[in-house]
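The values are calculated or read from the model by the stated rules, or taken from the named source; none is laboratory data. Keep in mind that this is a model prediction, so the values were computed, not measured. With ideal geometry, Cβ positions are generated from the backbone for all residues, glycine too; neighbour counts draw on all protein chains shown. Side chains are part of the model used for accessible areas, which takes the heavy atoms of the whole protein and leaves out ligands, DNA and RNA. Shrake-Rupley method; radii C 1.70, N 1.55, O 1.52, S 1.80 Å.
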Amino acid sequence: MAKSKPDDNPKQSSSAGGVKPEKLNEMKRSEQTNVFFLAAIVVAVAVCAVPLTAEVSAPDSRRHLALKMDEALLTVSNDLETDVLVSWRSERCYQCLYQHLGVVSAGRSPGQPSSVDFVVSTQHEIALQLNSTPEVKELCKVQFHFGEHGNYSLWMKNLNNVSLANCSLVTNSDPVNSNIPILVAFFVFLGLALMFAIGSRLLRIGVVRDLVLRVNGSMEAERLINSELGSPRIDALVTDNILPSPANASRRLRSLDTFRGISLVIMVFVNYGGGRYWFFRHSSWNGLTVADLVFPWFVFIMGTSIALSINSMLRGGARRSSLLKKVLWRSTQLFLIGVFIINPNYCTGPLSLDNLRIPGVLQRLAWSYLVVASLDLLVARGHLDILTTDVWWSLGLDILLYWPAWICVLLLEIVWLCLTFLLPVPDCPTGYLGPGGIGDMGLHANCTGGAAGYVDRWLLGEKHIYQTPSSRVIYATQMPFDPEGVLGSINSVLMAFLGLQAGKILLHYRDVPTRVISRFLIWGLILGAISAVLTECSTDKGFIPVNKNLWSLSYVTTLACFAFVLLVLVYYTVDVKKWWSGAPFYYPGMNSILVYVGHEVFEDYFPFRWRMANSQSHTEHLIQNLLATSVWVFISYVLYRKRIFWKI
């Protein structure tokens, strides 16, 4: 439940007389600027709705009525003396069968071709194959990336020999640029960020500062004087990021909350639809999109927080047995909340237990948290300040001191490798990592996910896992498959453990930021090299491709590499140089569970969703999704100011 602890931080609970007026004024200015910045985000997204809509309006409105998002009109004209079968295949579909579009009959007479209109996808480049019928002989093949709402003609002319048919593609009317709304939104938010930076600078000027304080003082002087500015503290969530130090035992790393907030904000945006752009949706199988980045980062930073939290509590005298009970209880709560929010049934009657989905995002977080926190409780050191750093192995303190936990994680990874590549799967190749469906030339249509899918169906049952996986989009799979399944949970433990390693680095080298940064970069380099070997620097042809659905080993190493590099940037700018306060991402990062659960539960309610004038417009979807995400950022800021946090 949400709790408010107004007096939990002894530093903040001191009287106003204990704070220097200059420092208090500076903190007030920062908070006031943050309010302006967050409110401006919400207003700007709503205001820019009209210009965004105008930007993407097509010159031919009739085409908009006939076509949906990511579609174009293709007219195939056949001047040959034989019927032509038109088939297509997405270039993102690896080793896939061609899918039929339709048949264009032979030309009625010379100079009078037969024509048929088709709707084609514009998300990716596609290959068109035109075969004569009934002998099924390839006449020509055309590769082209069609533009959204474009109008195209494909002409097939006879060159006195059917085998020498001439195919030419003509653009009748230009497509719309569906990326313009993203560019406009980017510059709007960039402008807001610049306004925020300039406003912060202006508040440092004496005349401006005095004017702002005079205006505010007439309205709420007493509240500002007695307000508790700065970072609030609560038991479980805030101590996650406390960096113990002999000099300052309650110094909080804002960079970790900022990193968590970045992951969470992007996660909320893509979960709400991401403007219905393909790169804001999960990859159909192998490869990465923006949507595939954020969940592993969230798992990673959870591991980092585990290291700092457990060390802080051990230093405070907590017993390991009592902490283990808290870990078990917190994991159970996360799991149950996860099952609740992914099985909504608010208006359709009682939920049937026959099709209750069991795996999910919070369930995987619960499992990863349970394993990694338990391992850390077994090996964590409560007093790091007494460890010697002048021995030859001091450079590996953050690894060598915790070797039992490393062995356990490596054994878990060996289990994943053995089950993935050695477990016999009925009617499927051993070690199969493909999507099934029309992939692999349709030879393994019902083998989606190989061992990972088989284990889920065997342990949980087909009706208790995800029924519409992303592989259906391109690979036309029919088998249910859960991207948060059992085998993938093993690799999510590895991801959290690598985040735990980042926490150990922060603990052992807390007084030397340059060593923290260098070790983060070294870890990023090592993990990037491992990914390059596993994938052979390709999307589909490596030993273990990067795959979010499977949470493959290369997916974990790649995203952990990105996480270490991003954490370096955030840590350096927020905690070392203090160039950036972390706003606005810092606020949802402080209330991550509440924001995640809230955005799932209230997804279909105003102001997060409303009936659109044109549901086939990227522009309207983008405005709606950006506004919904901005509202959650604003809510998290209000809760932060009210010092309300949800801890479990």
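Once you place label points 7 Å from the Cα toward the Cβ at ARG108 and LYS577, how far apart are they in nm?
In this crude label model, ARG108 to LYS577 measures out at 7.1 nm.
Can you tell me the length gained on complete extension of the stretch LYS325 to PHE187, counting 0.36 nm per residue apart and subtracting the Cα distance? Each step should come with its number before you reach the end.
Numbers: separation 138, 0.36 × 138 = 49.68 nm, distance 4.86 nm.
Computed gain between LYS325 and PHE187 is 44.8 nm.
Can you put HIS508, HIS282 in order of accessible area, largest first, using a 1.4 Å probe?
HIS282, HIS508
If I model a spin label at SER153 and VAL565 as a point 7 Å from the Cα along the Cα→Cβ vector, what separation in nanometres do I get?
Here the answer is 4.7 nm between the modelled labels.
Which whole-Hz couplings ³J(HN,Hα) result when phi for each residue of segment 556-567 is put into the Karplus expression 6.51 cos²θ - 1.76 cosθ + 1.60, θ = phi - 60°, listed in order with x for Gly and Pro?
In residue order, the calculated couplings are 5, 5, 5, 6, 5, 4, 4, 5, 4, 5, 5, 5 Hz.
At 1.4 Å probe size, what's the solvent-accessible area of TRP155? Round to the nearest 10 Å².
90 Å²
Give me, ordered by chain and number, the residues 5 or more places off GLY436 or on other chains with an amide H under 5 Å from its own placed amide H.
GLY449
Note the full-extension length gain between ILE407 and LYS68 as 0.36 nm times their separation in residues minus their Cα-Cα distance, in nm to one decimal.
116.8 nm
Please give the contour-minus-distance gain from LEU443 to ASP83: 0.36 nm per residue of separation, less the Cα-Cα distance, rounded to one decimal in nm.
Net length gain for the segment: 126.8 nm.
Relative contact order of segment 72-189, please, whole-number percent, based on alpha carbon pairs below 8 angstrom and at least 6 residues apart.
28 percent.
Structure shown: which of LYS68/LYS157; LYS325/LYS504; LYS326/LYS578 lie over 28 Å apart, alpha-carbon to alpha-carbon?
Numbers: LYS68/LYS157 30 Å; LYS325/LYS504 23 Å; LYS326/LYS578 34 Å.
Those over the limit are LYS68/LYS157; LYS326/LYS578.
Using the heavy atoms of the protein chains and a 1.4 angstrom probe, tell me the accessible area per residue for segment 490-587 in square angstrom.
Values: 3420 Å² over 98 residues.
On a per-residue basis, segment 490-587 sits at 35 Å².
Explain nothing, just the number: relative contact order of segment 510-648, from Cα pairs under 8 Å at least 6 residues apart, as a whole percent. Each step should come with its number before you reach the end.
Values: 116 pairs, mean separation 25.8, N = 139.
That works out to 19 percent.
Using a 1.4 angstrom probe and counting only protein chains, how large is the accessible area of LEU412 in Å², to 10?
Number for this one is 50 Å².
Normalised by the residues of segment 459-554, what does the relative contact order come to in percent, with Cα pairs under 8 Å and at least six apart?
After rounding, I find 23 percent.
At 1.4 Å probe size, with no ligands or nucleic acids counted, give the accessible surface of LEU494 in Å², nearest ten.
20 Å²
Residues with amide H under 5 Å of LEU101's amide H, sequence separation 5 or more or different chain, H placed in the peptide plane at 1.01 Å from N; which?
Amide H neighbours of LEU101: VAL86, SER87, TRP88.
Would you rank HIS100, HIS464, HIS618 by solvent-accessible area, highest first, keeping every protein chain in place and using a 1.4 Å probe?
HIS100, HIS464, HIS618
For labels at ILE526 and ILE180 in the simple 7 Å Cα→Cβ model, what's the distance in nm?
5.0 nm
³J(HN,Hα) across segment 509-520 via Karplus (A = 6.51, B = -1.76, C = 1.60, θ = phi - 60°), whole Hz, x for Gly/Pro?
Calculated HN-Hα couplings, in order: 10, 5, 8, 10, x, 5, 6, 4, 5, 4, 6, 4 Hz.
For ARG204, ARG252, ARG611, ARG381, what's the largest-to-smallest order of accessible area, 1.4 Å probe? Don't jump to the answer; show the numbers that get you there.
Numbers: ARG204 150, ARG252 30, ARG611 220, ARG381 95 Å².
Solvent-accessible surface, decreasing: ARG611, ARG204, ARG381, ARG252.
Can you work out the FRET efficiency for the pair ARG214 and ASN172, with r the C-beta to C-beta distance and R0 = 56 Å, to the nearest 0.05?
So the FRET efficiency works out to roughly 0.30.
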